[in-house]
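Read through the structure below, which is laid out as structure tokens, and then see the notes.
Here, each number is a calculation from the coordinates, and none is a lab measurement. Nothing here was measured: the structure is a model prediction, and the numbers come from that model. Methodologically, a virtual Cβ is constructed for each residue, glycine included, from the backbone with ideal geometry; neighbour enumeration extends over all protein chains shown.
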Amino acid sequence: IFYGRNGVMAVALGKTPEQEVENGLYNVAQMLKGPCGLMFTNEKKNNICKFFDQFSEEEFARAGDLAPFEIVIPAGPVHVDDDGEDDKEHKKWVTGSFEPQLRKLGLQTHLNNGKIELLERFVVCKEGDKLSSDQTKILRHFGRRLVEFRITLLAFWSKKKGFKRFKEAVDDNTEKMDED
């Protein structure tokens, strides 16, 4: 899988029919817009489609993402197990030395016997809020993954069949192969 600068990938494939490395590859180059990548495989097309139809991962939100629901951190000792997570990776985020960073992000905290306490409840975000950089840092520190990472297949190319686009099925909003 290649995930890099679209312009560089487009030049490698050929931006025009005259520049393309193989017949039809310039069509792929023209589709390289926004966050996208190229995957090269010997796997059968149906297996790849099935895999990516089922593939998704929870991911940390980025600045500009919309909050799917309200997140509130209650007053009192700071815990990161709101979503059932309470492992060593998360525990290191709430050591006493981390308290100034939480304060810098707007949380009213103090240390009590080496443990961080939140002085008042803190609303990180409300449903539908466009998340700021500071909000996403807070969510990451507390281990809250709010977005789903998915890969949508847009097209494929092979020497034998050339360039083919996938089309969206209107009824279930999944990607299907354009068989024309």
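The loop-placed chymotrypsin sites (Phe, Trp or Tyr not before Pro) in the range 2-64, going by DSSP, that have at most 12 neighbouring Cβ atoms within 10 Å of their Cβ come out as TYR3, PHE40, PHE55. The slack between HIS79 and LEU66, meaning 0.36 nm per residue of separation minus the straight C-alpha distance, is 2.3 nm.
Label zone of ALA155 (point 7 Å out along Cα→Cβ, amide N under 15 Å): in the range 1-31 this covers 6-7, 9-31. Extension gain, ASP53 to PHE40: 0.36 nm times the residue separation minus the Cα-Cα distance gives 2.9 nm.
Across the alpha-carbon atoms of the range 7-60, the computed radius of gyration and Dmax are 14.0, 42 angstrom. Going from the fewest other Cβ atoms within 10 Å to the most, the residues VAL147, VAL123 appear in the order VAL123, VAL147. Taking each of LYS33/LYS164; LYS44/LYS160; LYS104/LYS137; LYS33/LYS137; LYS44/LYS161 in turn, the alpha-carbon distance tops 19 angstrom for LYS33/LYS137. Note on GLN30/LYS130: beta-carbon distance plugged into 1/(1 + (r/R0)^6) with R0 of 45 Å gives a FRET efficiency of 0.90.
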